[in-house]
1. Check Met203: other-chain or 5+ apart residues with amide H under 5 Å from its amide H, H built from backbone geometry?
2. List the pairs from Lys97/Lys153; Lys153/Lys187; Lys97/Lys136; Lys67/Lys97; Lys29/Lys67; Lys29/Lys97 whose alpha-carbon separation is above 21 Å, in the order I gave them.
3. So if each residue of separation counts as 0.36 nm, and I subtract the Cα-Cα distance between Ser200 and His81, what length gain in nm does that give?
Amino acid sequence: MVVVSQSRLALSFPGGSGNNIKHADLLRKLTPDLHYSIYGCFAFSSDGCWFAWTSGATVVNIYPWDKASNLPLVESLTENHYSIRCGEVVSALTFIKPAANRPIVKKASKLEDLTHETLLAIGLVNGMIRLFSLEKGWRLALMSHKHRITDLKCIGDGSMQLVSSARDASVCFWDLNDNGNMNPCLKHENTVLHIAWHPSSTMLAACCNNQVLFFMIIYV
């Protein structure tokens with residue numbers, strides 16, 4: 001991995017006013033080892049302790065985040081660094097962690113207890129979603145989509161509900177308190193490119209490739 005540090009990044013705003021940003025301090029630039037992946041994606045954990053990004057077509061690196069310098073610790077590859085080979089090209093990432101003050105009740109005692117782990121959901125171009133635990137390694141494989149995962153979002157209330165979108169025009173909801181069992185999928189007429197939860201955790205917005213934006217009240 002090549003790491004390049006620069007002091008200032010010039011920004012240009014044609015026709016802008018004097019209130020525009022004239023410069024930004026570039027803290028660090030990360031350059032991947034491989035350059036043939038067209039799906040660049042990254043994610044921060046909600047507690048600000050971890051940073052994940054795709055450093056190659058099928059590889060995800062997870063680095064601890066240094067809150068003192070406000071930078072990822074990438075110079076020394078310690079035992080806290082993870083380099084995950086996913087077997088397929090990675091197209092989406094998001095961290096999942098339950099809220100510290102929210103009690104989570106598993107639906108059956110035989111189920112995997114994921115509520116005390118820091119999980120990274122990894123979307124792949126073959127439609128599979130894999131869950132990697134920083135504490136225990138690979139955990140679950142979620143399979144329903146038929147084409148590339150375009151986006152992954154975890155509901156903001158810490159209830160371990162994951163939503164995914166894909167090029168098969170579907171939006172799927174996964175209950176990670178129930179071994180990742182899936183609630184019924186929503187089917188659209190066009191590819192769903194991006195999804196986002198409302199802060200209330202009751203409404204989801206989905207944007208399709210025909211530039212149509214949907215707002216949906218979700219009952220999970």
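Taken together, the values in this text are just the output of simple stated rules run on the coordinates, not laboratory data. Note that the coordinates shown come from a computational prediction; the quantities given were computed from them, not determined experimentally.
1. Amide H to amide H, under 5 Å and 5 or more residues apart or across chains, Met203 pairs with His198, Ile218.
2. Check vs 21 Å cut-off fails for Lys29/Lys97.
3. On the way: separation 119, 0.36 × 119 = 42.84 nm, distance 3.37 nm.
Working it through step by step, the gained length comes to 39.5 nm.
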